[in-house]
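**Student:** Provided herewith is a single structure, encoded as structure tokens, for subsequent inquiry.
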Amino acid sequence: MSRWRLVYEGPGGEHTGTREALCTLGNGFFATRGAAPEARADGVNYPGTYIAGCYDRAVSTVDGHRVENEDLVNAPDWLPLTFRCGDGGWCTGPDPAAPARTELDMRRGVLTRTFHAVDGEGRRTRVVQRRLVSMDDPHLAALETTLVAENWSGRLTVRSALDGEVANTGVARYRGLAAEHLRPAGAGGGAAGTVWLRCTTAESGVGIALAARTRVSRGPAPVHSAPPARPAWAGCDLAVDLPEGGQATVEKVAALYTSRDRAVGDPLGAARAAADRAGHFDALLRRHAAAWRRLWRACAVDAGDEDDRRVLNLHLFHLLQTVSPHTADLDAGVPARGLHGEAYRGHVFWDELFVLPFLNLRFPETARALLRYRWRRLPAARRAAREAGLRGALFPWQSGSDGREESQRLHLNPRSGRWVPDHSRLQRHVGLAIAYNVWQHHQATGDVSFLAEFGAELLVEVARAFADTAVYDRALDRYRIRGVMGPDEYHDGMPDRSAPGLDDNAYTNVMAVWVMLRALDALEALPGPCRTALKESVGLAPEETARFEAISRRMHVPFHDGVISQFAGYESLAELDWAAYRARYGDIRRLDRILEAEGDTCNRYRVSKQADVLMLFFLLSADELAGLLEGLELPYDPGLIPRTVRYYLERTCHGSTLSSVVHAWVLSRTDRAASWRFFREALRSDIDDSQGGTTAEGIHLGAMAGTVDLLTRCYTGLELRDGALHLSPLTPAELPALSFELRYRDHWGVRLEVDGESARVSVPPSAAPPFPVELKGRRATAAPRTSCELPLH
Ligand code: BGC
């Protein structure tokens, strides 16, 4: 199979949902699952269209409790199209006995279905269907259907519709909860072949307008008619007479606008005009493919064998469909599961930590917009901090429209059928991820105005909340952070304590120190007047910065058995009998559910869902970590990292796809073979649906971006600090060479090539100043129009 194609033969059966998620087409503004246009949500098929940042809140009752949830809204469906032969029934899908093929062309962003349909009278029609969601004009999508009357002649009627009779029912676990988010606001037809639909999200009041124009582009002239419109559904029929063997090609072009779009008066007017104006499918395709060509030029990674490249392209493809250059103009965050399904309700977690490094070095404007999504929600984060008695800002673990905490208080364990308390909102470390991204963005772009405008404010506000959370413990003579959760969600409290939360999660404590130090650096990097203005506007007292410094010298970081402890008291937990659990259950990635169903809890054991302490080695270089620990007067020796990695690796069940990315990263310097295994695991997580049925509910965006980042930053040892590009390549044996382009500061298209012998950096012509490149203490200068090569040995 080529590196640009994802091909499925035959019917999807129980994997239909996974295929739909992986065949999603999108452009950063909206995305549509790869469901069949003739299908409706029926337990097997699940058509879904999601608009970036379009959320709605609804209230449900669960076990007598009032539960409020905000969902990324399943928007009206632009795709519906079906047909019938003569007076036969409407086609509801391919003939399961005939060959059928679904092919995703990732290079051009086109999904093609080829199948046969046979009706009750045995009339056989061959169908070839192509679709796109335009990367050129983010409001447009198009579907082209060619129908061939293979063994019959007569009237072919095509029905094309817009369907607002949809709800958020894509995730079985949520089905007991309110799912209706759309209120109809009119539907109908205009000139022959055109339909429109308008609705409003129930609580958030976002107006959504769709218009579509359907015409026969090749074949006999059609007779138009219109089935009666319903409040949230409008369709049109086009009928043509075909001889046996004859064919017709029908094009549907849809336009989607919302009341939040810019430069738009009336969304429905804009949608109707756009659908009317849009060119033919082929013209739209040309512009769409050209837009993709530009994206691929900026992002392609040349590495691995043909199949690895295909999956890597799939990851890049879905990443760019979720957060594209079009996202730069939106108020949207990074939805953990893409715009591809309804898992986690389309919420924004800390996963941007895995996504922004990619964007910083290719599409910094998009990265900046995603950080601005956080900045716009600083008022909500400040309110959360005030409520907790803190200065600064506490960002929510799950974020949606307005930045309030969206994490649920209960979640369903499908294994036991019980609703159990969900304390994941105690994952305060989400703020650290935002602050980390701010600093990385600044390092990649060198953009001081970004810091001045809002980057430094984010960093400082996060640092302040952590400084206020830290409490001085006289007995230890250290600061402690109590009552939080780390990234390992399987521990939400101590077994012998009724209050949820853990003390001194090492990841949180160390990164809090790092963030406080970077906040001080950011203040220092600001031009004087900006620094004064920022301090004034947030009311940063001199004693607060002094506290940052004090904490950065005396934060508590627990250790046991010569390794960093995940949290205070970790060493008192029991060891799990891993062999027994594996033997009994096989797949134990969801150990939390298994133990809860047994009436037990992960809190009693030394088990981790995913990397927690090890996140430190993922985010910080060994030198940086050593520096931090030395500053804290804590022990550091060169064996600390490998020892700690080994310790937790043996106790981690990888219940999150993020886990394999982090493990591939932290093993890359000490065990290249194991690192490669984890890399490949991360690479296979969605294409093989390795978390067992979760891909159907949305892709795992962090893991997808993480695989690209592993190749481009981890295996090349690429670090951005002190205004220089640092390299330290150590590639797995399976990866003899790799090359890709990146944007660094004001240089576009900087090519980096690494093989076993050397690293080469080539810089295209520009007026930007040269920059230093460093590899193992050797320094070279990369200047426009030149290449520099540094030997590895
Ligand atoms: C992981 C979190 C992640 C979330 C959304 C969870 O399973 O444990 O770390 O943020 O999924 O991707």
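The values are calculated or read from the model by the stated rules, or taken from the named source; none is laboratory data. Remember, predicted model here, so these are calculated numbers, not experimental data. Every residue, glycine among them, receives a Cβ derived from its backbone with ideal geometry; neighbour counts consider all protein chains shown. These accessible areas exclude ligands, DNA and RNA; they are computed on the full protein's heavy atoms, side chains included. Shrake-Rupley method; radii C 1.70, N 1.55, O 1.52, S 1.80 Å.
**Student:** Could you look through segment 332-356, keep only residues that are in a helix (DSSP H, G or I) and open to solvent by 10 Å² or more (accessible area, probe 1.4 Å), and pick out the one that is farthest from the ligand (Cβ to nearest atom)?
**Tutor:** Arg345
**Student:** Just checking, does segment 605-615 include any residue being away from the ligand (no atom under 16 Å from the Cβ) and modelled with pLDDT of 95 or more?
**Tutor:** Within segment 605-615, one or more residues are away from the ligand (no atom under 16 Å from the Cβ) and modelled with pLDDT of 95 or more.
**Student:** Something else now. Within segment 359-381, which residues are closer than 18 Å to Gly706 by Cα and within 16 Å of the ligand (Cβ to nearest atom)?
**Tutor:** Leu370
**Student:** Looking at the structure I just gave you, is Ala31 in the same structural domain as Tyr174 (by TED's automatic domain parsing) and open to solvent by less than 10 Å² (accessible area, probe 1.4 Å)?
**Tutor:** Judged against the criteria, Ala31 is a match.
Residues checked against (1) open to solvent by 10 Å² or more (accessible area, probe 1.4 Å); (2) among the acidic types (Asp, Glu); (3) at pLDDT below 95:
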position: Leu735; (1), (2), (3): no, no, yes
position: Glu741; (1), (2), (3): yes, yes, no
position: Pro764; (1), (2), (3): yes, no, no
position: Ala783; (1), (2), (3): yes, no, no
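**Student:** Next question, about the same structure. Has segment 111-121 got at least one residue that is buried (at least 20 other Cβ atoms within 10 Å of the Cβ), in the same structural domain as His288 (by TED's automatic domain parsing), touching a Leu at 6+ places or on another chain (Cβ under 8 Å) and over 17 Å from Gln247 (Cβ atoms)?
**Tutor:** yes
**Student:** Counting residues that are open to solvent by 30 Å² or more (accessible area, probe 1.4 Å), which helices (runs of 4 or more DSSP H) fully inside segment 633-713 reach at least 2?
**Tutor:** It comes to 640-649, 672-684.
**Student:** Only one residue in Gly692, Gly698 is more than 15 Å from Glu789 (Cα to Cα), within 16 Å of the ligand (Cβ to nearest atom) and in contact with a helix residue (DSSP H, G or I) (Cβ under 6 Å, 6 or more places away or on another chain). Which one?
**Tutor:** Gly698
**Student:** Out of segment 368-414, which residues are open to solvent by 10 Å² or more (accessible area, probe 1.4 Å) and at pLDDT below 95?
**Tutor:** If the condition is that a residue be open to solvent by 10 Å² or more (accessible area, probe 1.4 Å) and at pLDDT below 95, then Gln408, Arg409, Leu410, His411, Leu412, Pro414 are the ones that fit.
**Student:** Identify, please: which residue in segment 34-48 is open to solvent by less than 10 Å² (accessible area, probe 1.4 Å) and touching a residue at least 60 places away in the same chain (Cβ under 8 Å) and is, among those, nearest to His347 (Cα to Cα)?
**Tutor:** That would be Gly48.
**Student:** If you don't mind, there's one more thing I want to ask. Between a first residue in segment 195-207 that is aromatic (Phe, Trp, Tyr) and a second residue that is open to solvent by 40 Å² or more (accessible area, probe 1.4 Å), which pairs have beta carbons less than 7 Å apart while being 6 or more apart in sequence or on different chains?
**Tutor:** Cβ pairs passing all conditions: Trp196/Gly190; Trp196/Arg272.
**Student:** Given the conditions (1) away from the ligand (no atom under 16 Å from the Cβ); (2) touching a Phe, Trp or Tyr at 6+ places or on another chain (Cβ under 6 Å), and given that Trp665 satisfies all but one, which numbered condition is not satisfied?
**Tutor:** Result: Trp665 passes all but (1).
**Student:** Show the residue pairs meeting these rules: Cβ distance below 6 Å; 6+ apart or different chains; first residue within segment 533-556 and in contact (Cβ under 8 Å) with a residue 12 or more places away in the chain and farther than 14 Å from Ala463 by Cβ; second residue buried (at least 19 other Cβ atoms within 10 Å of the Cβ) and not charged (D, E, K, R).
**Tutor:** Partner pairs satisfying both residue conditions: Arg554/Tyr479.
**Student:** If you don't mind, another one. Is it the case that some residue within segment 714-721 is crowded, with 22+ Cβ neighbours inside 10 Å, at pLDDT 95 or above and within 16 Å of the ligand (Cβ to nearest atom)?
**Tutor:** Scanning segment 714-721, I find no residue that is crowded, with 22+ Cβ neighbours inside 10 Å, at pLDDT 95 or above and within 16 Å of the ligand (Cβ to nearest atom), so the answer is no.
**Student:** Are there any pairs, at least 6 apart or on different chains, whose C-beta atoms fall under 9 Å, with the first in segment 103-115 and on the phi > 0 side of the Ramachandran plot and the second assigned to a loop (DSSP other than H, G, I, E, B), and if so, which?
**Tutor:** Gly109/Asn27; Gly109/Ser134; Gly109/Met135
**Student:** Only one of Ile699, Ile641 is closer than 28 Å to Met555 by Cα and β-branched (Val, Ile, Thr). Can you tell me which?
**Tutor:** Sole residue among the options that is closer than 28 Å to Met555 by Cα and β-branched (Val, Ile, Thr): Ile641.
**Student:** Which condition does Thr601 not pass, out of (1) under 23 Å from Ser728 (Cα atoms); (2) within 30 Å of the chain's Cα centre (by Cα), if it passes all the others?
**Tutor:** Unmet for Thr601, out of (1) under 23 Å from Ser728 (Cα atoms); (2) within 30 Å of the chain's Cα centre (by Cα): (1).
**Student:** So which helices (runs of 4 or more DSSP H) stay within segment 477-565 end to end and still have 2 or more residues that are within 23 Å of Ala433 (Cα to Cα) and touching a His at 6+ places or on another chain (Cβ under 7 Å)?
**Tutor:** 506-525
**Student:** Would you check which residues across segment 604-630 are within 29 Å of the chain's Cα centre (by Cα) and part of a helix (DSSP H, G or I) and list them?
**Tutor:** Hits for segment 604-630 are Met615, Leu616, Phe617, Phe618, Leu619, Ala622, Glu624, Leu625.
**Student:** Return the residues of segment 640-662 that are within 16 Å of the ligand (Cβ to nearest atom) and among the β-branched types (Val, Ile, Thr); say none if nothing qualifies.
**Tutor:** Thr652, Thr657, Val661, Val662
**Student:** Same structure, new question: Give just the number: which of (1) under 24 Å from Arg751 (Cβ atoms); (2) touching a strand residue (DSSP E or B) at 6+ places or on another chain (Cβ under 6 Å); (3) within 16 Å of the ligand (Cβ to nearest atom) does Leu319 not satisfy?
**Tutor:** In the conditions (1) under 24 Å from Arg751 (Cβ atoms); (2) touching a strand residue (DSSP E or B) at 6+ places or on another chain (Cβ under 6 Å); (3) within 16 Å of the ligand (Cβ to nearest atom), Leu319 misses (2) alone.
Residue-by-condition table, conditions (1) open to solvent by 10 Å² or more (accessible area, probe 1.4 Å); (2) among the hydrophobic types (A, V, I, L, M, F, W, C); (3) assigned by TED's automatic domain parsing to the domain that holds Arg107; (4) in a loop (DSSP other than H, G, I, E, B):
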| residue | (1), (2), (3), (4) |
| --- | --- |
| Leu256 | no, yes, yes, no |
| Ala271 | no, yes, yes, no |
| Gly279 | yes, no, yes, yes |
| Arg287 | yes, no, yes, no |
| Leu312 | no, yes, no, no |
| Phe358 | no, yes, no, no |
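**Student:** When the residues of segment 149-181 are narrowed to those that are among the basic types (Lys, Arg) and under 19 Å from His340 (Cα atoms), which ends up surrounded by the fewest Cβ atoms within 10 Å (Cβ to Cβ)?
**Tutor:** Checked segment 149-181; the qualifying residue surrounded by the fewest Cβ atoms within 10 Å (Cβ to Cβ) is Arg175.
**Student:** Collect the residues in segment 56-87 that are in a loop (DSSP other than H, G, I, E, B) and buried (at least 20 other Cβ atoms within 10 Å of the Cβ), keeping them in residue-number order.
**Tutor:** Once the filter is applied, which keeps residues that are in a loop (DSSP other than H, G, I, E, B) and buried (at least 20 other Cβ atoms within 10 Å of the Cβ), segment 56-87 yields Ala75, Pro76, Trp78, Leu79, Pro80.
**Student:** On to the next question. When you check Arg643 against the structure, is it over 15 Å from Gly562 (Cα atoms), basic (Lys, Arg) and in contact (Cβ under 8 Å) with a residue 12 or more places away in the chain, yes or no?
**Tutor:** The answer is no for Arg643.
**Student:** Another one. Looking for something open to solvent by 40 Å² or more (accessible area, probe 1.4 Å), modelled with pLDDT of 95 or more and more than 24 Å from the chain's Cα centre (by Cα) - is there at least one such residue anywhere in segment 15-22?
**Tutor:** Within segment 15-22, none of the residues are open to solvent by 40 Å² or more (accessible area, probe 1.4 Å), modelled with pLDDT of 95 or more and more than 24 Å from the chain's Cα centre (by Cα).
**Student:** Quick one: which of Pro784, Pro732, Pro736 is within 20 Å of Arg297 (Cα to Cα), in contact (Cβ under 8 Å) with a residue 12 or more places away in the chain and in a loop (DSSP other than H, G, I, E, B)?
**Tutor:** Step by step, each of Pro784, Pro732, Pro736 is checked, and only Pro784 is within 20 Å of Arg297 (Cα to Cα), in contact (Cβ under 8 Å) with a residue 12 or more places away in the chain and in a loop (DSSP other than H, G, I, E, B).
**Student:** A further question on this structure: Is there a residue in segment 414-437 that is farther than 30 Å from Met494 by Cβ and not β-branched (Val, Ile, Thr)?
**Tutor:** yes
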